[in-house]
Amino acid sequence: MKKILLILFLATLSSTVAQGKKINILQGRYLSKDEAKYPGATIFTKDSEGLVTFELDGAILTCKRAIYYEKLNFFKAYGNVLINQGDTIKQTSDYVDYNGNTKLTVSYGNVVLRDPKMTLKTDTLNFDRAQQKLFYKHHAIIKDQTNTLASKIGTYSLETNKFTATTRVKITNPEHELESEHLDYYTNTGYAYLHGASTIKGKDNTIYTEKGFYDTKLEISRFVKNSKIFFKDRTIEGDSLYYDKFKGFASATNNIKLVDTIQNFVAKGNYAEFYQFKDSAFIVDKAVAITAIEKDSMYIRGDTLLVTGKPENRILRVYHNVKIFKSDMQGVCDSIHSNQQTGLTRLFKNPVLWSKKNQITGDDIHLISNPETNKLDSIKVLKNAFIVSLDSIVDKTATYNQIKGRNMYGTFEEGNLKYFFVDGNAEVIYYNRNDKGYIETITKQITSSIEFELGEDNSIDRIKYIKKPEGKSYPPDKLPTQGRLLKGFIWRETERPLSVEDLFKTADTLKSIKVQTSSK
């Protein structure tokens, strides 16, 4: 009699399933009722011939015991619950709730879901069978062939293989560890799309970003918001970053900054490329290098910056339209070569330096600093050395103290130029003034070599002739204007950068001063 009732009951269910509304019960031999505990429910229990079995829109669920509410089209499954969806998806758990009307499955206790791409483990898992989406709110761990992903909250689409994970997200593999508050991850490709503060820690670098893309298999990254790459001795940041770990190549675009943490050196620009294995980088588009010198900073701007070599032997090259700014020294030239190991910085092609009142020019200019203290030590001006000090300006007409020679060697004292030696073909024009500031005489002399010192106001002072000079001192009215400038004199003050902002200006920043240049 019981068997007949069971057959009639199952036949009724099958007819309603055909309408696509009711749960289909394939197997459940023992039926019982317990209205006190489960009002309106039918209880199915495993027997010796098999488990309780349900069909859920193409998936098969088996369990040891089920409580089925026919009117609600809902059941609870207990004990070794297994869901098979085709040959691709299998899920086990301690128990499951399933709503046939909404097609929502909630699995509890030791939930493990597997498909060909990944394995998911959690304590509670929701499954929207209509949309083929999983979601969890109490932490889950997902493993695929490449990575292990853990997060507190997340969703997974079985159709697109996409995880959207939020809150304490971590992806790990033997090569790296990624932490984020929000990311999209595809198990079929290993692609991760990062949203919000994220950190990727590798064996030899760390990456921080707030938005970007990361190929976890090929180790290729593209980041577009507040992004930085931290290497052992360098940091790279920019509005947009690209990094290929296996090639050791990184590029940065817009507002880039390259920081050398060992040499206390910073380079900026709008585009940079970094070659990790060669320990080299170049920067273009408003490129500027910043080096700490004592308590000051020296800014060197050029069309192109090239940084090469290991920290102990690093070389900086700056090419074309070079400008230098330091609070007490400025300069202009075509190119610069600076060896941070030897402390030698060379300025090439029509270089000029300004040290307070003084303008220094020559074919080549060398600045030598102490590599240990990073303090400026000395200067060499080679071939056609020329130093000019502005004496005064009257009615926009200037007068200048001038010294020139074959080569010129100077030393710094407490960061300021102090002593000079002119070696060969020395010439001098010097204005002598009385206590009231009026010109008494103009000295114009020639000798082989001289020594001179810069005074407190950094003007030329205390000239010492190594050999007796030729020439004399003239009253102002006895030395014509055209004779007051040495051959090769040119005043280049309008090229002088007066601030960091002036490094990128092309127009003159100073008012013009009426000056005659000399070629005689």
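Inspection of segment 328-341 identifies no residue that is charged (D, E, K, R) and either outside the structural domain of ALA281 (by TED's automatic domain parsing) or under 26 Å from the mean Cα position of the chain (by Cα) (or both).
Identification of strands (runs of 3 or more DSSP E) wholly contained in segment 162-225 with 1 or more residues that are more than 30 Å from ASP279 (Cβ to Cβ), more than 17 Å from the chain's Cα centre (by Cα) and free of Cβ contacts under 8 Å to residues at least 24 places away in the same chain yields 162-173, 176-186, 191-202. The set of residues in segment 98-132 that are at pLDDT below 95, under 23 Å from LEU72 (Cα atoms) and out of contact with any Phe, Trp or Tyr (no Cβ under 6 Å at 6 or more places or on another chain) comprises GLY100, ASN101, THR102, LYS103, LEU104, PHE127, ASP128, ARG129, ALA130, GLN131, GLN132. So in segment 250-273, with the set limited to residues that are under 18 Å from GLN340 (Cβ atoms) and either outside the structural domain of ALA292 (by TED's automatic domain parsing) or outside any loop (DSSP other than H, G, I, E, B) (or both), which one is nearest to the chain's Cα centre (by Cα)? Filtering first and then ranking leaves LEU258.
Residues in segment 102-153 that are at positive phi and either out of contact with any strand residue (DSSP E or B) (no Cβ under 8 Å at 6 or more places or on another chain) or not in a loop (DSSP other than H, G, I, E, B) (or both): GLY109, ASN110.
Within segment 481-503, the set of residues being loosely packed, with under 14 Cβ neighbours inside 10 Å, assigned to a helix (DSSP H, G or I) and at pLDDT 85 or above comprises THR494, GLU501.
Screening ASP364, ASP377 for residues that are outside the structural domain of LYS323 (by TED's automatic domain parsing), within 24 Å of ARG301 (Cβ to Cβ) and surrounded by fewer than 17 Cβ atoms within 10 Å (Cβ to Cβ) leaves exactly one candidate, ASP377.
The residues in segment 252-291 that are under 16 Å from PHE223 (Cβ atoms), among the polar types (S, T, N, Q) and buried (at least 18 other Cβ atoms within 10 Å of the Cβ) can be counted, and the count is 0. Checked against (1) surrounded by fewer than 21 Cβ atoms within 10 Å (Cβ to Cβ); (2) more than 20 Å from HIS176 (Cα to Cα), GLY248 passes all but condition (2). Considering ASN370, ASN384, the condition of being modelled with pLDDT under 90 and out of contact with any helix residue (DSSP H, G or I) (no Cβ under 6 Å at 6 or more places or on another chain) is satisfied by ASN370 alone. Going by what's in this entry, would LYS286 be described as over 28 Å from ALA398 (Cβ atoms) and not in a strand (DSSP E or B)? Considered against the rule, which asks whether it is over 28 Å from ALA398 (Cβ atoms) and not in a strand (DSSP E or B), LYS286 comes out as no.
Of the residues that make up segment 457-469, is at least one in the same structural domain as ASN416 (by TED's automatic domain parsing), within 21 Å of VAL352 (Cβ to Cβ), assigned to a helix (DSSP H, G or I) and of a type in the set (A, V, I, L, M, F, W, C)? Full working, then the answer.
Just the residues of segment 457-469 that are in the same structural domain as ASN416 (by TED's automatic domain parsing), to begin with: 457-469.
Subsequent filtering for residues that are within 21 Å of VAL352 (Cβ to Cβ) retains 457-460.
Still in the list and also assigned to a helix (DSSP H, G or I): none.
Within segment 457-469, none of the residues are in the same structural domain as ASN416 (by TED's automatic domain parsing), within 21 Å of VAL352 (Cβ to Cβ), assigned to a helix (DSSP H, G or I) and of a type in the set (A, V, I, L, M, F, W, C).
Within segment 421-446, if we keep just the residues that are hydrophobic (A, V, I, L, M, F, W, C) and within 13 Å of TYR465 (Cβ to Cβ), the residue that is farthest from the chain's Cα centre (by Cα) turns out to be ILE446. Residues in segment 376-406 that are among the small types (Gly, Ala, Ser) and more than 20 Å from ASN434 (Cα to Cα): 3 in all. Out of LYS444, LYS478, one residue alone is among the basic types (Lys, Arg), in the same structural domain as LYS380 (by TED's automatic domain parsing) and surrounded by fewer than 16 Cβ atoms within 10 Å (Cβ to Cβ). It is LYS478. Within segment 472-490, does at least one residue satisfy the condition of being among the basic types (Lys, Arg), under 52 Å from the mean Cα position of the chain (by Cα) and more than 24 Å from ASP363 (Cα to Cα)? Checked segment 472-490: no residue is among the basic types (Lys, Arg), under 52 Å from the mean Cα position of the chain (by Cα) and more than 24 Å from ASP363 (Cα to Cα). Could you list all residues from segment 134-159 that are surrounded by fewer than 18 Cβ atoms within 10 Å (Cβ to Cβ) and acidic (Asp, Glu)? Within segment 134-159, just GLU159 meets the criteria. Apart from one condition, GLU414 fits all of (1) free of Cβ contacts under 8 Å to residues at least 40 places away in the same chain; (2) over 30 Å from ILE300 (Cβ atoms); the exception is (2).
Could you grab me the full set of residues in segment 440-456 that are touching a residue at least 40 places away in the same chain (Cβ under 8 Å) and outside any strand (DSSP E or B)? Residues satisfying the conditions do not exist here.
Let's see how each residue does on (1) of a type in the set (Val, Ile, Thr); (2) over 50 Å from the mean Cα position of the chain (by Cα):
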site	(1), (2)
THR45	yes, yes
ILE60	yes, yes
ASN80	no, yes
LYS90	no, no
SER107	no, no
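Suppose we keep only residues that are among the β-branched types (Val, Ile, Thr), under 16 Å from ASP144 (Cα atoms) and touching an Asp or Glu at 6+ places or on another chain (Cβ under 8 Å) within segment 160-188. Which one would you say is surrounded by the most Cβ atoms within 10 Å (Cβ to Cβ)?
Only one residue tops the list, namely ILE171.
The values are calculated or read from the model by the stated rules, or taken from the named source; none is laboratory data. Computed from a prediction, not measured in an experiment: that's the story for all the values here. Cβ atoms come from the backbone with ideal geometry, glycine included; neighbour counts cover every protein chain shown.
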